[in-house]
Amino acid sequence: MSLQCPRCHSPNVASFHHAMKVGAAIGTVGGVVRGVSAALAGGNAGGMLGAIGGPVGITLGSVSGAILGGLAGGVGGCALGAQLGESLDRHVLAHNLCLLCGHRFNLPA
C-alpha cells in the first residue's frame, strides 16, 4: 500500500519520525539508568557468584552485573520509547509531508 497525499493524491510523500527518534533516545537513557541502578542494587548476587574467585571475582561479578543490567534496560527502554513515539507520530503529529503540494497530514485512523 503506497501512501498518497489526501489533498492532491500525489504518491510523493515523505514521512518524518521525529517523536519516534526522540522517544527511543529518551527510553534508552531511562532504561540504562534503571537497569544499572537495579543491577547495582542487586549487585550482591553478582558479588556472591563471583566470591568463588576471591576479591577480583567479586569486583568482576558486580561490574558485569551492572553492565548487563544497563544493556538489558537500555534495549527495553528503547523499544518502549520507540513504540510510544511512533504512536505520537502516527496519531498526534502531522508527520507526513507531500513533496508536491506541501500538505502535512496524519495517517488515517
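Restricting segment 68-99 to residues that are among the charged types (D, E, K, R) and open to solvent by 50 Å² or more (accessible area, probe 1.4 Å), which is farthest from residue 5 (Cα to Cα)? Once the filter is applied, the top-ranked residue is 86. Any residue at all in segment 95-109 that's part of a helix (DSSP H, G or I) and hydrophobic (A, V, I, L, M, F, W, C)? Taking every residue of segment 95-109 in turn, none turns out to be part of a helix (DSSP H, G or I) and hydrophobic (A, V, I, L, M, F, W, C).
Scanning segment 67-92 for residues being over 30 Å from residue 107 (Cβ atoms) and at pLDDT below 75 gives a total of 0. Condition first: of a type in the set (D, E, K, R) and either under 11 Å from the mean Cα position of the chain (by Cα) or closer than 20 Å to residue 34 by Cα (or both). Now tell me which residues in segment 65-91 satisfy that. Scanning segment 65-91 gives a single hit, 86.
The values are calculated or read from the model by the stated rules, or taken from the named source; none is laboratory data. All of these numbers come straight from a predicted model, not from anything done at the bench. Methodologically, a virtual Cβ is constructed for each residue, glycine included, from the backbone with ideal geometry; neighbour enumeration extends over all protein chains shown. Heads up: the accessible areas ignore ligands, DNA and RNA and are worked out on the full protein's heavy atoms, side chains in. Shrake-Rupley method; radii C 1.70, N 1.55, O 1.52, S 1.80 Å.
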